[in-house]
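The values are calculated or read from the model by the stated rules, or taken from the named source; none is laboratory data. These numbers come from a predicted model, not from an experiment. Positions of Cβ are generated from backbone atoms using ideal geometry, with glycine treated the same way; all protein chains shown enter the neighbour counts. Protein only, heavy atoms only, side chains kept; ligands, DNA and RNA dropped before computing areas. Shrake-Rupley method; radii C 1.70, N 1.55, O 1.52, S 1.80 Å.
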Amino acid sequence: MADGSIILDTRINNKGAYAELKELQAKAKSTAQQVAALDRQINTANSKHLALGKELSDAQRKAESTAAELESVNEQLRSFVQRRAEIEKQRNPLLTPETANLNAQEFVGQHFASDAAKASELQGALDKLQQSIPGLTAKYTEQESALAGLQDQHAALAARLAT
């Protein structure tokens with residue numbers, strides 16, 4: 001019998017919404033895991049970058065110190081040669097300045113061999129340091145670029161996670 005009433009079925013089919021929610025949660029979890037992995041890579045890259053920066057700075061500082069010490073030893077040797085050349089010239093006024101200088105260099109080389117050896121050792125150390133600096137600089141710059149790339153990836157994933 002019809003009593004004039006209308007019945008509305010108000011049940012909502014939310015199966016699709018739950019499926020989409022689960023998919024969204026899975027994507028968010030995956031993105032969060034990627035962000036965490038990038039965080040670890042960034043920390044590792046940053047540590048390497050700092051270590052390379054310290055190594056480069058130490059090499060530059062040591063090169064400067066070695067160069068200053070070498071200059072000091074060379075200045076002492078030049079001073080010894082100059083004084084000895086003056087003595088050679090006083091002993092024999094007929095000597096040319098070039099000959100007096102050659103005699104003085106020979107004398108200083110014989111009597112100040114340890115200073116000459118030290119100068120040679122310092123020059124070798126300085127050469128080695130100066131050869132290592134460009135390589136260290138390249139590694140430092142390369143690591144800087146790698147770190148910037150990781151930070152860009154991190155920012156993109158963080159933005160994706162935020163949306």
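Using the alpha-carbon atoms, what tilt in degrees (0 to 90, nearest 10) does helix 97-111 show relative to the longest principal axis of the chain? The angle comes out at about 70 degrees. Remark: relative contact order (the chain) = 39 percent; criterion is Cα-Cα distance under 8 angstrom and separation of 6 or more residues. For the chain, the Kirkwood hydrodynamic radius comes to 23.2 Å, computed from all pairs of different C-alpha atoms.
Taking the longest Cα principal axis of the chain as reference, the axis of helix 113-162 is set at about 10 degrees. Return one number: the angle in degrees, 0 to 90 and rounded to the nearest 10, between the long axis of the Cα atoms of helix 15-91 and the longest principal axis of the Cα atoms of the chain. Rounded to the nearest ten degrees, it is 10. Here's the list of lysines a cross-link from residue 128 could span, going by alpha-carbon distance under 26 Å and ignoring same-chain residues fewer than 8 apart: 48, 54, 62, 118, 139. About its Cα centre, the dipole of the chain is roughly 400 debye, where the only charges are +1 on Lys and Arg Cβ and -1 on Asp and Glu Cβ.
Taking the protein heavy atoms of the chain in the context of the full set of protein chains, the accessible area attributed to carbon and sulfur is 55 percent at 1.4 Å.
A helix-only calculation puts the chain at -32500 deg cm²/dmol for mean residue ellipticity at 222 nm, using -39500 (n - 2.57) for each DSSP H run of at least four residues, averaged over all residues. What's the FRET efficiency of residue 25 with residue 148 using the Cβ-Cβ distance as r and R₀ = 22 Å, to the nearest 0.05? Efficiency, rounded to the nearest 0.05: 0.10.
Between residue 163 and residue 141, what's the calculated FRET efficiency when r is the beta-carbon distance and R0 is 35 Å? Round to 0.05.
Once rounded, the FRET efficiency stands at 0.55.
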